[in-house]
Structure formats: structure tokens, C-alpha cells
Amino acid sequence: MLPPTADRPKLRATLDQLSAAVEDLLLGGLTTASDATRQTLSGAMQEAARLRLLRLGGTLRVATEELGRFTRQEKSFSRRRLTFFLNRAWLLSRGMGHALDTSDEKEYDRLTWSPPAQPLPAVKVVCLGAVKKVAEHAFVAFEFRLRAIADAGAVKAGQKLSWSAVFPLKKGQDIPPEGFLHLPQKQKFAPFLFLERTTLNIANATVSGDETSGWRLALTDQSTVTVGKPFTGWDQFLAWSPQSALDRLAKHVPGPLDLDTELQEEVVLRDYEVGKAEDGDEPGQTVYPITMGALTLHALIGAGAEGKALKKSIDEIRKVRGANPPLFGLMHYERCRLVFQPLTTFPGSSDYITISKENVNKAALLKAMDFRS
């Protein structure tokens, strides 16, 4: 849907500034990157967030993050990632600008990739896993992978949902990523509730997406999140067949704006073996080959605080003799490889292996209370 008429001039000007900034970077080289350029990218990202332009906002977030790594001369800087997302930002800004000028709503919707939201009065869910992302000097983000326990509006029992929380990082903060999970949201709950292995009752929320790709849950000012009963029925969610993934691949038509992770599957591995760790493509990244029958997956573990807890858990799994517990995670296709992101093992109940079990420094946490969302 095209933005309200009153918002269009500001958005159009932002898109023009964004495309010009990207062109200046690509023509002049990264050494010409100035504070003004970074402010342009940041301002466009804020405008995208205000108008709920998820694709453009996500693209600018990664581009800004990589540009910051370059200016700080960090080893984790990736030329390939920065180039891809800068070019993607340029394509989106020029294409969206053209769609605004011609009032082409269909083209605008295709580029923004913002499915309409619909109300969800109440839903009961459990958490199957948590994705942890740490962008040094920028933010900490968690995405919780959920399942509906009962029918709720458009969402049917057993269908996938996800909810995300992002916390900005302040210079000089000495707090582990998991510490942010204890910070209260404006709905007066702490995200750590999602990891309590209970049902959760969520009211007055909205969802977007569909049953195939999964529903994305968004909370409003009126939303509530409360703890339900302890949950033990994990087995009902631990069946997986590659056929659904093959069907999606057969129907997929690739395009220039695709991200590898957009064609992503939630999978469960059984009777698998974890091989010896290898160096990944990015500095500090670790790769574990995981085989399950004829499938070979490349389990990627990030560097630093992002992957510390996960690497420890995978190393412990490798030491176990006999059958490994079911392993839940996310799989996508990248450069002719099956790339796997482990999230949870189920030796009985759920063990969220991306989340550190170390105690949080409460004193340091109190200093971060200004970052409540």
C-alpha cells in the first residue's frame, strides 16, 4: 500500500538522498565516506522504520553496520556484504521513488515487501528457539521462533510465528547480550519470559505474513504478555520432512532483491553427526559440518559474544557417544550450500543453546535501563 499522501514528499526526498549517497560511495570509494554519508543512511533507516518499510530498513541497517566496521577498521568487515547491501539499497530507493512518482501501488508493495498487518486479539504460544545477533558497537537483537498452541484468528494451531526485540548498544557498556533480555518492554514484561519453557498468553497484538512463510508478531502499546502453564508437549513440533522445502524451491522465482535467508526453513535434525570445526568465510566465524543421512549442512557460528554459548554447546554435543538429541534450527541456501543455524536441542525439554547460561551482572544491567523499548 502506498504511504499516505502527506508522507510521500518526505519519503521521496529521503529516497533521492539515499540513492545519491550510495552513488557517491560507489564512485568515490569507501575512503570518501563522511559523517554526512553515514547520517544520510541513518536518517533513511529511521524513516523506513517510521513507515514500517521492513525490507528497506533491514537493508540499510546491514549497510550502515558494515560501513561502521570499515571506518573502525575491524577485522570482521566484509566487502562482499557491504557491496551487496549498498547495491540493494540503491535498487530499492530508485525503484520505490519511481513507484511513488507513477502511483504504482503493485510495484511499491513488491519492493517494500510489507505484508498488511491484521489484529490478533489473543494467542497462546511456546518458544522453540531464539536467534541471537550481536552487531558490535551497534545493537543486540533476538528473534524468538514460536508455535501456536491453539487456533487464534488467522493463526492456526501448530503454525509458526516469530517475535523480535532489538536493543541499541551504548559505547562503553559492559553487559552480556543476554542481559538485555531482562530489560522490561513498554508492555511491562521482560523478553526472558519467552525462554521459561511455559506457554505464553499474548493479547492485543497484530500479525503479518501467512501460514507458509510464517506469521510475524508485533506488539502494540495495549499488548500484554503473561506466563501460562509449564509446557511438556515438545514432540508434536519436532517432526520435519525435506519435501516442504523442495516444494518451496520448485515454486521460487529468484530476483535481484532476494536475500539468502528469505528462503529459510525451520528444520529438525535427528540421527545426525557433528564433524570437526573449520574456519568460516568471515573472520572469527566457525563452521561445523553436520550430516544427516544424505544431507550435509554447514552450521555457522558467529564470532565473539554472538557465538560463544552456541559453540560451547555444539562442542559438547560432539563429545556425546550414542544418539544426539533432536536439534532444531534454521536452514537456508547460500552459494550452493545448505547453511544451518542451530538454535535448540530437545533432550527432553527445550535447551536454548544460543543463550548463555552465565549469570548476568545486575549492577551493569541497571545502568542499561535507559534503553527500554
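The table that follows gives values for the structure above.
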| read-out | value |
| --- | --- |
| When residues of segment 183-223 are limited to those that are free of Cβ contacts under 8 Å to residues at least 40 places away in the same chain and among the hydroxyl-bearing types (S, T, Y), the one least open to solvent (accessible area, probe 1.4 Å) | S223 |
| Checklist (1) part of a helix (DSSP H, G or I); (2) free of Cβ contacts under 8 Å to residues at least 60 places away in the same chain applied to W90, failing item | (2) |
| Index of the failed condition, T59 passing every other in (1) open to solvent by less than 30 Å² (accessible area, probe 1.4 Å); (2) farther than 26 Å from G307 by Cα; (3) β-branched (V, I, T) | (2) |
| Residue in segment 124-144 that is out of contact with any strand residue (DSSP E or B) (no Cβ under 9 Å at 6 or more places or on another chain) and in contact (Cβ under 8 Å) with a residue 12 or more places away in the chain present | yes |
| Restricting segment 1-31 to residues that are modelled with pLDDT under 80 and open to solvent by less than 70 Å² (accessible area, probe 1.4 Å), the residue that is farthest from T64 (Cα to Cα) | G28 |
| Qualifying residue in segment 62-75 (condition: among the hydroxyl-bearing types (S, T, Y) and either closer than 24 Å to V207 by Cβ or open to solvent by less than 30 Å² (accessible area, probe 1.4 Å) (or both)) | no |
| Qualifying residue in segment 17-37 (condition: out of contact with any strand residue (DSSP E or B) (no Cβ under 8 Å at 6 or more places or on another chain), assigned to a loop (DSSP other than H, G, I, E, B) and aliphatic (A, V, I, L, M)) | yes |
| Selection within segment 202-252 - basic (K, R) and in a helix (DSSP H, G or I) | R248, K251 |
| Selection count, segment 159-176, where residues are of a type outside the set (V, I, T), in a loop (DSSP other than H, G, I, E, B) and closer than 22 Å to P191 by Cα | 6 |
| Neighbours by Cβ (under 9 Å, 6+ apart or cross-chain): first from segment 226-248, at pLDDT 90 or above and open to solvent by 60 Å² or more (accessible area, probe 1.4 Å); second assigned to a helix (DSSP H, G or I) and not small (G, A, S) | T226/L193; V227/L193 |
| Per-region count, segment 64-80, residues closer than 27 Å to T112 by Cβ and assigned to a loop (DSSP other than H, G, I, E, B) | 1 |
| Strands (runs of 3 or more DSSP E) lying entirely in segment 264-341 (those with 3 or more residues that are touching a helix residue (DSSP H, G or I) at 6+ places or on another chain (Cβ under 7 Å)) | 327-334 |
| Search result, residues across segment 38-63 that are assigned to a helix (DSSP H, G or I) and over 18 Å from D16 (Cβ atoms) | A49, L54, R55, G58, R61, V62 |
| Failed condition for R69, given (1) more than 24 Å from G304 (Cβ to Cβ); (2) basic (K, R); (3) within 22 Å of the chain's Cα centre (by Cα) | (1) |
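The values are calculated or read from the model by the stated rules, or taken from the named source; none is laboratory data. Computed from a predicted structure; not experimentally measured. Every residue, glycine among them, receives a Cβ derived from its backbone with ideal geometry; neighbour counts consider all protein chains shown. Accessible surface is based on the protein model in full, side chains and every heavy atom, while ligands, DNA and RNA are left aside. Shrake-Rupley method; radii C 1.70, N 1.55, O 1.52, S 1.80 Å.
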